[in-house]
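What follows draws every value from the coordinates through simple rules; no lab data is involved. Predicted, not measured: the structure shown is a model, and the values here were computed from it. Note: ideal-geometry Cβ built from the backbone for every residue, glycine included; neighbour counts use all protein chains shown.
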Amino acid sequence: MQFLSKFTRPHNRERMKQRVFIFDDNGEHEIFYNYQLPDNIHLGGGGTNNIIRIHKTLRARNVCLTFDKNTSDNICVLCDSGDCSGLDMIVIFQAGHANKLYIGRHTVINGAKIWLGNGSELHLGDDCMLSYEIMIRTTDGHAIMDSATGAIINHQRNACIIGNHCWLG
């Protein structure tokens, strides 16, 4: 009996730290627990006031969204996949605030790692294709600080805009 118990545990009812919305043309609704996430979408890390919008028809092969504990006010939008094979990507929202990620309609990602930080933005248009082992960084992840005040002096608010119908290999 103990062997079977590991297969019959109830779903993880832990409330999510991020605000997650499922949307389509008719509107959106918020989900509150990890077990309500669409298949193959995983959230990790901490942070506060982060918003994720996932289209109801998104096909995720493996989507991992991780939020650094020192980040907040990030926005992530994953649009519908249509007939495409879907998304396989790891996204890391690094320290900083108000990072934005937008993945357009009918876009296929076959294995990408994406780093966002310091209030940067990645906009990937509609009908795009990304090959394997793609890395996109909107930040170098290395803050330079004033030794007297501790303030960051190399603020980077980079935007990476990739248009519609693009192929990255």
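In deg cm²/dmol, rounded to 500, what helix-only [θ] at 222 nm does the chain give when every DSSP H run of at least 4 residues adds -39500 (n - 2.57) and the total is split over its residues?
-500 deg cm²/dmol
One chain, two ends: Trp167 and Asn154. Fully extended at 0.36 nm per residue, the span grows by 1.5 nm beyond their Cα-Cα distance.
Bridge orientation summary for the chain: considering DSSP beta bridges with both residues in this region, about 10 percent are antiparallel.
Among the GluC sites (Glu not before Pro) in region 9-109, those located in a DSSP loop and surrounded by at most 14 other Cβ atoms within 10 Å of their own Cβ are Glu14.
Placing +1 on the Cβ of every Lys and Arg and -1 on the Cβ of every Asp and Glu, with no other charges, gives the chain a dipole of roughly 580 debye about its Cα centre.
Kirkwood-type hydrodynamic radius, the chain: 17.0 Å, calculated from all non-identical alpha-carbon pairs. Rg and Dmax of region 97-169, based on Cα coordinates, read 14.7, 49 Å. The loop-placed trypsin sites (Lys or Arg not before Pro) in region 110-169, going by DSSP, that have at most 14 neighbouring Cβ atoms within 10 Å of their Cβ come out as Arg157.
As a rough guide to protection, the peptides 17-25, 98-106 ranked by mean Cβ packing within 10 Å, highest first, stand as 98-106, 17-25. So if R0 is 30 Å, what FRET efficiency would Ile75 and Asp126 give, r being the distance between their Cβ atoms, rounded to the nearest 0.05? Approximately 0.95, to the nearest 0.05. Cross-link reach is defined here as a Cα-Cα straight distance under 16 Å, omitting same-chain residues fewer than 8 places apart; for Lys56 the aspartates and glutamates meeting it are Asp24, Asp25, Glu28, Glu30, Asp39, Asp80, Asp83.
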